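Below is one structure, written out as structure tokens, with a few remarks after it.
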2 protein chains.
Amino acid sequence: MIEKLTMKTNTEHCDARETLEKTSLYKTPQRIAVLDTLISSSVPLSVNDILKKICTQQKINKVTVYRILTSFKGKGIVREIETARGISYYEISCHHNPVHAHFSCRHCGMLVCLDPLTVSQTWEWFTRPRNFTIDHITITMTGTCHQCEGTLNCNSTADVVNNT
Amino acid sequence: MIEKLTMKTNTEHCDARETLEKTSLYKTPQRIAVLDTLISSSVPLSVNDILKKICTQQKINKVTVYRILTSFKGKGIVREIETARGISYYEISCHHNPVHAHFSCRHCGMLVCLDPLTVSQTWEWFTRPRNFTIDHITITMTGTCHQCEGTLNCNSTADVVNNT
DNA sequence: AAGTATTTGCAATTAAGTTGCATTCATGAT
DNA sequence: ATCATGAATGCAACTTAATTGCAAATACTT
Ligand SMILES: [Mn+2]
Ligand SMILES: [Mn+2]
Ligand SMILES: [Zn+2]
Ligand SMILES: [Zn+2]
């Protein structure tokens, strides 16, 4: 009856070059490097994480990584996870990896993916005392409010939609 | 059968001075001002929001507001809500105001409180297409990981616990 | 009223993320 | 293969939320 919320482990992966072709993004060495880094990572990565991993092999600029991640987000290739420390982490958003919850340590910043929530698991989380030392749960839905919908320039269609 | 997720509206309020006495915090004009501001607000406020509201009546420093909010968080008087724009918002955490989800507009930053989720409402959110333009749902649980629990100095007991 | 621990204010700092602009580069056409 | 062109990159400067150190002010205890 009591289902445990387990940690998520990816087994299958997508191909970086293939993904870039499908989304009609220029196949630059930087984009391939960022995408390969995310694909081969078992945990979501921050911009600094990505920079450190890539810098051992090729030169890449911090701003470029930010811009690449923004374009990937727009195409739905990656998801952004905002943590309690104000740092964004990024993870692949393919059919192998549906939306799920995360646990983030407020001391070391460590971030782990949790398996997608079922209704009964959600129930567990909201009613039962946990044996983990979680002291804060954030559920935030982001989007466009009614007021802004009217004011908005009619050019933004690509950068909205990110629920795999 | 289909329950709608409605907006939360507070009616009852707690007393600022009383709250400070109960939590054995020095009753300074600054603390009273910050607490009064949060108590009388129907929406969560950022540090800048709080500063602007208070500055019309008394002088207060930005750093002081940050430190006051940190102490309030430690005592469980307020909750912090991190938004997709990297700005924290704060709301009263008393028995009149249990933990709930939030909606945040990624364009204007507007933040509204939503009524606490029931199981069927959670089910709605995760399975059904919404008629609101939400493009991102963040669920993050923050706390202390197993590794850090060991490394942690045995002095921090006050600043953990924040689930009303 | 005096002593003391706490809090406040100010200035300087940190760090994530953004912007403008010149240079380089990937792609498709010749 | 070469060229033209729009797109991507790199660099420097900037923005802004949040933090830190320290001296001055202040709330509480006796
Ligand atoms: Mn994840
Ligand atoms: Mn709220
Ligand atoms: Zn940790
Ligand atoms: Zn808005």
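For this structure, a couple of remarks:
- For A:Val43, B:Val34, the sequence from fewest to most other C-beta atoms within 10 Å is A:Val43, B:Val34.
- Peptide B:101-109 has a mean shielding of 6, counted as Cβ atoms of other protein chains within 10 Å of each residue's Cβ.
- Computed from the Kirkwood radius of its Cα pairs, the Stokes-Einstein diffusion coefficient for the stretch A:21-120 at 10 °C and 1.306 mPa s stands at 111 µm²/s.
- Subset of A:Lys62/B:Lys52; A:Lys62/B:Lys62; A:Lys22/A:Lys52; B:Lys53/B:Lys75; A:Lys53/B:Lys73; B:Lys22/B:Lys73 violating a 26 Å alpha-carbon distance limit: A:Lys62/B:Lys52; A:Lys62/B:Lys62; A:Lys22/A:Lys52; A:Lys53/B:Lys73
- Counting Cβ atoms of other protein chains within 10 Å of each Cβ in A:76-83 and taking the mean gives 3.
- Counting only other chain Cβ atoms within 10 Å of each residue's Cβ, the peptide A:92-99 averages 1.
Read the figures in this text as sums done on the coordinates, not as results from a lab. Note that the structure is a prediction, hence the values are computed from the model and not measured. All Cβ positions, glycine included, derive from the backbone under ideal geometry; neighbour counts span all protein chains shown.
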